[in-house]
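Worksheet for the structure shown next.
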Amino acid sequence: MKRTIMLSVVAALILSGAVMSGSAATVCDGFLPPNDLSIPVGSVDDKGIVQEQFNAVLDSVERLYAPIVTARGGVLEIRRLWTDGTVNASATRQGKLYIINMYGGLARHETITMDGFALVACHEMGHHLGGAPKLTGWSGAWASNEGQSDYYANLKCLRRVFSDAASSLFTRAQGGDAVAEKACERIFPEPKDRVLCLRNAMAGKSVSALFKALRKEDVEPLFDTPDTAVVNSMFNQHPATQCRMDTYFQGSLCTQPVSSELSDTNPVPGACTRSGGFSAGMRPLCWYKPSSASELLPPVSDFAVVGAERGLSTTGSAFSALQNEAPAN
């Protein structure tokens, strides 16, 4: 009897230790919502990037981010699951290990370019390094939520990756986008910053095409048709296709330096906010609930960065309500 009790106590202590040490806590379901798609190597649907390109992207991310994770007391582990047909990606924290799981099935999807795949890897890094707002619950409290991980991808990570010389060989979506070009020109005075802004935005557009395809949606996500939904509380899961594209775009337009640190508890530092004097680059309200409307909702005249030529506006009733809530400044 005593031996049984002792074994039970030991088992409980081991389990408690595993929980307290952060052992194997996987972020929700992955870069994409749960799906049963599989794209094996050499299948008829194998139309994305090849293994050499897959590794080249992950080489860049690992070289740039391993020292950053080390400085935080962790160890970056990029699991290169090329032969796995899973059409997804995910992040895991296991003790000091900052793990991202990158599957070949996603890389082989016909919508994926090297730039788009870099964005996916950056989203997964965002779960580890993106700061607040965070997921809730002991198993996910270490991780930035889905919208914030999207925002981090373009706000910080892709800027590092695309500023690296190795990225000059990355494949990317063909053609440009007049709306994104004009917005980047308006925000960034320096030509090199405009080029980087546009490249970031176009990576977001290419990945949004993946969301549209997987969800079998008819409506094309566009930069000048922003999602006008305004959440009543923080939405931590995967936002809608247009909302995610808006998040990538705003992350691209934010002029905060890459070196400006994000906070694990406060969503304001390192991001674009109204109180910080920014007129673009704020987190979209289709997933983000600010603590006060005066903090993140920009003036109406500054918010309409895109869509003016087509008579489009983001100043609908939902935005007006928040505008009225905010004190004049």
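The GluC sites (Glu not before Pro) of the range 173-239 meeting both criteria, a DSSP state outside H, G, I, E and B (loop) and at most 13 other C-beta atoms within 10 angstrom of the site's C-beta, are Glu217. Loop-located GluC sites (Glu not before Pro) across the range 58-131 with a Cβ neighbour count of 15 or fewer within 10 Å are Glu110, with loop assigned by DSSP. Each peptide in 273-279, 86-92 receives the mean, over its residues, of other Cβ atoms within 10 Å, and ordering these scores from highest gives 86-92, 273-279.
If you place +1 on the Cβ of every Lys and Arg, -1 on the Cβ of every Asp and Glu, and leave all else neutral, what size is the dipole of the range 52-166 about its Cα centre, to the nearest 20 Debye? Spell out each step's value before the answer.
Working: 11 positive and 11 negative charges, 93 e Å.
It comes to approximately 440 debye.
Residue order for Cys254, Cys184, fewest other beta carbons within 10 angstrom first, comes to Cys184, Cys254. For the range 174-191, the residues whose amide N sits under 19 Å from a probe point set 7 Å from the Cα of Ser163 along the beta carbon direction are 184-185, 187-191.
With a ≥ b ≥ c taken as the square roots of the eigenvalues of the C-alpha gyration tensor of the range 81-131, please select rounded if a/c is under 1.5 and otherwise prolate if a/b is larger than b/c or oblate if it is not? Don't skip to the answer; put the middle values down first.
Values: a/c = 3.27, a/b = 1.56, b/c = 2.10.
Taking the square roots of the gyration eigenvalues as a ≥ b ≥ c, the range 81-131 is oblate.
The residues Leu97, Leu76, when put in order of fewest to most other Cβ atoms within 10 Å, stand as Leu97, Leu76. Candidates Ala213, Ser291, Asn236 compared by Cα position along the dipole of the range 23-325: farthest toward the positive end lies Ser291, with charges placed on Cβ. Using only side-chain charges placed at the Cβ, +1 for Lys and Arg and -1 for Asp and Glu, the dipole size of the range 23-325 relative to its Cα centre rounds to 480 debye. Could you work out how far apart the two model spin labels at Glu110 and Lys289 are, taking each label as a point 7 Å from the Cα in the direction of the beta carbon, and quote it in nm? The modelled label-to-label distance comes out at 4.0 nm. Calculated FRET efficiency, Glu181 to Gln94, Cβ-Cβ distance, R0 = 35 Å: about 0.25 to the nearest 0.05. At the listed q of 0.09, 0.11, 0.12, 0.14 Å⁻¹, the Debye profile of the range 23-325, built from one uniform point per Cα, gives log10 I(q)/I(0) equal to -0.40, -0.61, -0.73, -1.02.
Annotation: lysines with alpha-carbon distance below 26 angstrom to Lys47 (same-chain offsets under eight excluded): Lys205, Lys212, Lys216.
Classify the range 172-295 from the C-alpha gyration tensor, please: rounded if a/c falls under 1.5, else prolate or oblate depending on whether a/b exceeds b/c. In terms of gyration-tensor shape, oblate.
If you put +1 on each Lys and Arg Cβ and -1 on each Asp and Glu Cβ, how big is the dipole of the range 99-165 around its Cα centre, in Debye rounded to 20? Display every interim value, and only then the final one.
Values: 5 positive and 6 negative charges, 39 e Å.
That gives the range 99-165 a dipole magnitude of about 180 debye.
The packing ranking of peptides 256-262, 147-153, 280-286, highest mean first, is 147-153, 280-286, 256-262, where packing means the average number of other beta carbon atoms within 10 angstrom of each residue.
Each value in this text was obtained by applying a stated rule to the coordinates, not by laboratory testing. Keep in mind the model is a prediction, meaning the values are calculated, not measured. Using ideal geometry, Cβ is built from the backbone for each residue, glycine included, and neighbour counts are taken over all protein chains shown.
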